[in-house]
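The values are calculated or read from the model by the stated rules, or taken from the named source; none is laboratory data. What you are looking at is a predicted structure, and each value in this text was computed from that prediction instead of being measured. Heads up, the Cβs are rebuilt from the backbone with ideal geometry, glycines too, and the neighbour counts pull from every protein chain shown. Heavy atoms of the whole protein, side chains included, go into the accessibility calculation; ligands, DNA and RNA do not. Shrake-Rupley method; radii C 1.70, N 1.55, O 1.52, S 1.80 Å.
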Amino acid sequence: IITAAPSALTTADKVLFDLKNSNSLLSKEDLRMTICAFNLIAALASQPKIAAALIADVVPASLHVLQTAVYTTALHEAVTLAFTMLARSAPSYDGLVGVITTAVEAIKAETTGRTNMIAVAVGAALGVDADIKRRSKAIQGLVAKVAVAESGPQAAIALGEIGRHIDIAADAPEVVAALLKETQVVDTVKIAATRALGFACAGPKTFEAILAHLSNSKTTPALSSVALRAVSASLTLARSAPSVEKVSAAVLAQVSAHPEVVGECLGRLAVWDLQSVAASLQAGLTKSAPNAALVVMAAAKSIVSSENIHDTPANIETLSNIVVAAGKAYSTAADALPLRRHTINAMSSLLERRGGRFYTQAMNAVLLPCLVNELVEDPSLVSVIDLNTFKQKEDRGADLRREAFVTLESLIVREGASFSDDAAGGVQCPLMSITEAQRADVIGRVINACAPRNEKTKKYNSPHPIEDVTEVNFVARRVLLLTSRTSAWTEVVGKEFNNIGASLLQLGGADPAKPPQALPEAEKSRYADNVADARKTLLELKEIFPRAASSTAAPQFVEAVRNASNEQAFVKK
């Protein structure tokens, strides 16, 4: 209402009472209300008299709340908008800076895990300061403070916020080097400096400075990783079209050390010129450059996630060609795990994003076999540690297997239907073209993943605990039920019914209150959930296939269902 009819607020006197009482909206306990309050401040600050009243009566209270506010993107944007509007409208810029400076001087070192929002306010106000000399002096002061442990995070955040409004390297050429240097220090400074670079290098000169660091042979791998991520972030904020050729060359120089981030950068660069980026990617594949296929898959995921790349026939064909070429480089070798992950991730994104319009028959012919391969446990990714009393297993492929089942679920859900009403030609889900034998192979893999094969000895160590494998069981059972209800799959599942698997029957008939001895306490509740979900699956299968379930050819199934049905607590749940 205020934004639409600012003439309703002709004098500060009419709203001053409400402004003073609006301090009660700012609450450390209610973050949502605080965000609303800052958005209100931004709307009210459009008039100088009201901006002056806000600075005098509301800003001090807001800064007090921000001292301990937990960082969120929504709060960040609200604070940025509020202080940008205040700085633009305030009758006295020095008055606003004075209020903020008083609050900043009272701030102690930033606590771990929190980003100081007052620094956001400082940067937002300085970023729109029309006095270039004053702004430059403030930037120089912040650059000096970046290297100081206590003020480093706040200074870095403020510099990044300034960089959202101006090309900060034009005022202070040394700012990029200072921020890059600090990304190697303690975590709080590192996080703040990395985020600041992402914001700041949206400006042309700052962006050029980042590219120079990428091209410098003396730049360490750790620094080049940060610089790449800053380039990736800035490509979505760039104020003008970058030189695709120049950026591609600088980014591709880091492909051996950071292939995934290089792919993400090129995917975001494609917003400006998809054809040129695709040509660079295709050239890498043609020359069999190291990690070329991995870069393409990471880029494809980034490209299809961008709403600024239109799904025209030319763009779809361009993306399809490079994904198909990269898919042919897929390998099941253990050292190819990053490529395997990105292949499945790219397939999932191509299916889920943009209504699946970028997913083509040609892609499916190459990617579907890769997906089916990832539905089973890969022994080369499983290691066993003998701890005398028991054996501890670690499965590095569990999360990849879960992603593969989720992607398979997406394919089956879409089977027989157009990906979207406006898809070119009403393209149908490519799974329609696979044979019955191939369907039976897929169902066999799904059934085998419905429960752990050896629950008594299966124990996983961090960072791949038993929950990772249990999640595979949950998704596999979900896929099994989905196929049982999908016309194209029902007959195949029915034929495989008696091979439902001893592991699922054993798990469904187990006592959730008596988990295996080898399981630690923290994992026993998850075991009970797994048993309950297995029982639910058995009961639903009984409803879908009543004749097969009552057949004497499936005595194990009948017994397991009877055990599940007799559990009154489970039935009630």
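For region 257-343, what % of the accessible area comes from carbon and sulfur atoms, probe 1.4 Å? Before the final figure, lay out each step's value.
Details: 1830 of 3500 Å².
After summing per-atom areas, the C and S share lands at 52 percent.
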**Request:** Report ³J(HN,Hα) in whole Hz for each residue of region 127-142, in order, from the Karplus equation J = 6.51 cos²θ - 1.76 cosθ + 1.60 where θ = phi - 60°; Gly and Pro get x.
**Result:** x, 10, 5, 6, 7, 4, 4, 5, 5, 4, 4, 5, 5, 4, x, 5
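FRET efficiency for Leu481 and Ala257, Cβ-Cβ distance as r, R0 = 51 Å, nearest 0.05? Intermediate results must be reported in sequence, preceding the final value.
Working: r = 44 Å, r/R0 = 0.86.
The pair Leu481/Ala257 has a calculated efficiency of 0.70.
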**Message:** Taking a ≥ b ≥ c as the square roots of the Cα gyration tensor eigenvalues, with a/c under 1.5 meaning rounded and otherwise prolate when a/b beats b/c, else oblate, which class fits region 37-100?
**Reply:** prolate
**Asked** How much net charge surrounds Arg354 when only the other residues with a Cβ under 10 Å from the Cβ of Arg354 are counted, with Lys and Arg +1 and Asp and Glu -1?
**Response** -1
**Message:** Given the whole protein assembly as supplied and a 1.4 Å probe, what does the accessible area of Asp529 come to in Å², nearest 10?
**Reply:** 70 Å²
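Could you list, in their original order, any pairs among Lys218/Lys246; Lys137/Lys218; Lys133/Lys205; Lys393/Lys514; Lys393/Lys495; Lys495/Lys536 whose Cα atoms are separated by more than 24 Å? Don't skip to the answer; put the middle values down first.
Working: Lys218/Lys246 19 Å; Lys137/Lys218 30 Å; Lys133/Lys205 19 Å; Lys393/Lys514 21 Å; Lys393/Lys495 34 Å; Lys495/Lys536 21 Å.
Distance filter (> 24 Å) returns Lys137/Lys218; Lys393/Lys495.
When a/c reaches 1.5 or more, the comparison of a/b and b/c decides; with that in mind, is region 198-291 rounded, prolate or oblate per its Cα gyration tensor? Could you put the intermediate results ahead of the total?
Details: a/c = 1.92, a/b = 1.16, b/c = 1.65.
It is oblate, given that a/c is not under 1.5 and a/b is not larger than b/c.
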**Request:** Along Cα→Cβ, 7 Å out, is where each label goes; now give me the distance between the ones at Asn373 and Arg526 in nm to one decimal.
**Result:** 2.8 nm
**Prompt:** Per residue, what accessible area does region 280-401 have, given a 1.4 Å probe and all protein chains present, in Å²?
**Reply:** 42 Å²
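To the nearest 0.05, what FRET efficiency results for Ser215 and Gln361 with a Förster distance of 56 Å applied to their C-beta separation?
0.85
Write down Rg/Rh for region 237-323, rounded to two decimals, with Rg from the C-alpha atoms and Rh from the Kirkwood relation over Cα pairs.
Details: Rg = 11.8 Å, Rh = 12.7 Å.
The Rg/Rh ratio comes out at 0.93.
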